[in-house]
Amino acid sequence: MSRRRGFLGVILVSIQILLAAAVALGIALGGYWYFGPYRGFATETFVEIEHGMSSRQIADQLTHQGVIRSSWAFMAVRLLHPRAPLQAGEYRFGSAQTPWQVFDEIRRGEIFYEDFTVPEGSNMFDIASLLDQSDLVRGNAFLKAAARPDIIRDLDPQAPSLEGYLFPSTYRLTHRTTADQLCRLMTNEFRKQWALLHPPPETDLHQTVAIASLVEKESAAPDERPVIASVFLNRLKLHMSLQCDPTTVYAALLENRYKGVIHKSDLASENPYNTYAHAGLPPGPIANPGAQSLKAALSPATTDYLYFVAKPGGVGSHVFSATLTEHDKAVLEYRKNAR
């Protein structure tokens with residue numbers, strides 16, 4: 001009997017051990033199922049956490065987007081860190097993560113954004129094209145927003161659009177950024193940069209920005225910009241046509257007919273932006289100038305120059321002339337070397 005009882009005892013102990021192991025394994029598997037790395041989306045997903053969302057709402061959002069398997073697991077982590085701030089913003093998830101890792105990412109505020117850079121001299125059509133190459137604001141939506149000058153009217157009541165005031169810089173955008181928000185970011189940056197230039201109170205902002213845009217499109221050499229600004233101002237004083245090639249390009253862009261080169265028809269266009277056909281400044285800026293071109297328009301050089309042409313060899317600088325005779329010689333020299 002004692003042997004049989006001993007044998008049964010061993011069996012019972014073994015069964016208990018097996019049951020305990022099974023329970024432990026079940027707990028481990030359950031824990032891993034809830035708290036292990038998880039990815040319930042294809043390649044990547046974006047989660048927007050808005051200000052004022054509760055922990056439960058965040059957990060439900062993460063579960064719905066496939067970032068975590070169960071909102072319960074996220075709330076369990078939350079119980080261990082009840083005072084940790086969860087920061088609002090857009091978050092990008094591209095790989096399997098544990099609830100702890102997801103929680104920690106939101107706690108640290110690792111908000112997703114993309115850098116969007118607008119080069120100096122870009123016009124709103126250039127900016128729209130750059131946006132279409134990204135996964136951000138749509139180019140057409142941006143052009144519609146940029147065509148409405150309301151947010152800059154307090155500075156420039158004459159502005160026909162936001163052109164000239166979409167300051168070239170690098171902006172941090174998310175997938176939730178709208179065209180209107182981007183325009184406001186860019187015009188706010190213009191306001192900031194304009195104030196840093198300390199313009200005199202009597203400054204004609206509309207004229208200054210328009211001239212700065214012409215300067216920006218005509219030269220990339222910082223030391224030449226005040227001289228080029230002086231040429232345009234000298235011509236304006238004499239009521240001469242500015243005859244600025246970039247304005248004919250802009251006129252063609254507005255009419256959706258620019259093909260990459262200037263044609264005779266462009267020079268003869270009656271579009272008000274064409275400074276070959278119309279004396280004076282165009283109705284508004286033709287591009288978005290940077291700080292150096294704005295500064296050049298505010299403080300132009302003192303010259304008697306009325307003309308300029310690119311120097312031979314494509315070095316980026318210009319030959320300036322005070323008379324048409326001098327200018328014709330410079331143009332002839334340019335064409336001779338261009339061949």
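Only residues that are loosely packed, with under 14 Cβ neighbours inside 10 Å and at pLDDT 95 or above: list them for the stretch 159-177, please.
Filtering the stretch 159-177 down to residues loosely packed, with under 14 Cβ neighbours inside 10 Å leaves 170, 172, 176.
Selection gives Thr170 alone.
Based on what the data block shows, is Ala296 assigned by TED's automatic domain parsing to the domain that holds Arg235, surrounded by 14 or more Cβ atoms within 10 Å (Cβ to Cβ) and either within 23 Å of His239 (Cα to Cα) or over 26 Å from the mean Cα position of the chain (by Cα) (or both)?
Criteria met by Ala296.
Condition (residue is touching a helix residue (DSSP H, G or I) at 6+ places or on another chain (Cβ under 7 Å), free of Cβ contacts under 8 Å to residues at least 12 places away in the same chain and not aromatic (Phe, Trp, Tyr)) applied to the stretch 120-132: is it met by at least one residue?
Yes, the conditions are met somewhere in the stretch 120-132.
Collect the residues in the stretch 243-253 that are surrounded by fewer than 20 Cβ atoms within 10 Å (Cβ to Cβ) and either closer than 23 Å to Ala322 by Cβ or touching a strand residue (DSSP E or B) at 6+ places or on another chain (Cβ under 7 Å) (or both), keeping them in residue-number order.
Looking only at the stretch 243-253, we keep the residues that are surrounded by fewer than 20 Cβ atoms within 10 Å (Cβ to Cβ), and these are 243, 245, 253.
Answer for the stretch 243-253, where residues must be surrounded by fewer than 20 Cβ atoms within 10 Å (Cβ to Cβ) and either closer than 23 Å to Ala322 by Cβ or touching a strand residue (DSSP E or B) at 6+ places or on another chain (Cβ under 7 Å) (or both): Gln243, Asp245.
When you go through Met75, Met53 one by one, which is the residue that is in contact with a Lys or Arg (Cβ under 9 Å, 6 or more places away or on another chain) and outside any strand (DSSP E or B)?
Met75
So that you can scan it fast, the table gives a plain yes or no per residue for (1) at pLDDT 90 or above; (2) of a type outside the set (Phe, Trp, Tyr); (3) assigned by TED's automatic domain parsing to the domain that holds Ser299:
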{"residue": "Ile211", "(1), (2), (3)": "yes, yes, yes"}
{"residue": "Glu218", "(1), (2), (3)": "yes, yes, yes"}
{"residue": "Pro222", "(1), (2), (3)": "no, yes, yes"}
{"residue": "Arg225", "(1), (2), (3)": "yes, yes, yes"}
{"residue": "Ala229", "(1), (2), (3)": "yes, yes, yes"}
{"residue": "Phe232", "(1), (2), (3)": "yes, no, yes"}
{"residue": "Leu238", "(1), (2), (3)": "yes, yes, yes"}
{"residue": "Pro246", "(1), (2), (3)": "yes, yes, yes"}
{"residue": "Ala251", "(1), (2), (3)": "yes, yes, yes"}
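Need the failing condition index for Thr302 against (1) out of contact with any Ser or Thr (no Cβ under 6 Å at 6 or more places or on another chain); (2) assigned to a loop (DSSP other than H, G, I, E, B); (3) surrounded by 15 or more Cβ atoms within 10 Å (Cβ to Cβ); (4) modelled with pLDDT of 90 or more, just the number.
Looking at each condition in turn, Thr302 falls short on (3).
Considering Lys336, Lys329, which residue is out of contact with any Asp or Glu (no Cβ under 8 Å at 6 or more places or on another chain), free of Cβ contacts under 8 Å to residues at least 12 places away in the same chain and farther than 26 Å from Phe125 by Cβ?
On inspection, the qualifying residue turns out to be Lys329.
For the condition assigned to a loop (DSSP other than H, G, I, E, B), modelled with pLDDT under 90 and either under 30 Å from Ala251 (Cβ atoms) or of a type outside the set (A, V, I, L, M, F, W, C) (or both), what is the one hit in Gly30, Gly40, Gly26?
Just a single option satisfies the conditions, and that option is Gly40.
Look at the stretch 38-84 and say how many of its residues are of a type in the set (S, T, N, Q) and touching a residue at least 24 places away in the same chain (Cβ under 8 Å).
5
Checking Pro285 against (1) assigned to a helix (DSSP H, G or I); (2) in contact (Cβ under 8 Å) with a residue 24 or more places away in the chain; (3) surrounded by 17 or more Cβ atoms within 10 Å (Cβ to Cβ), which single condition isn't satisfied?
Checking Pro285 against (1) assigned to a helix (DSSP H, G or I); (2) in contact (Cβ under 8 Å) with a residue 24 or more places away in the chain; (3) surrounded by 17 or more Cβ atoms within 10 Å (Cβ to Cβ), the one that fails is (1).
The values are calculated or read from the model by the stated rules, or taken from the named source; none is laboratory data. Everything quoted here is computed from the prediction, not taken from an experiment. With ideal geometry, Cβ positions are generated from the backbone for all residues, glycine too; neighbour counts draw on all protein chains shown.
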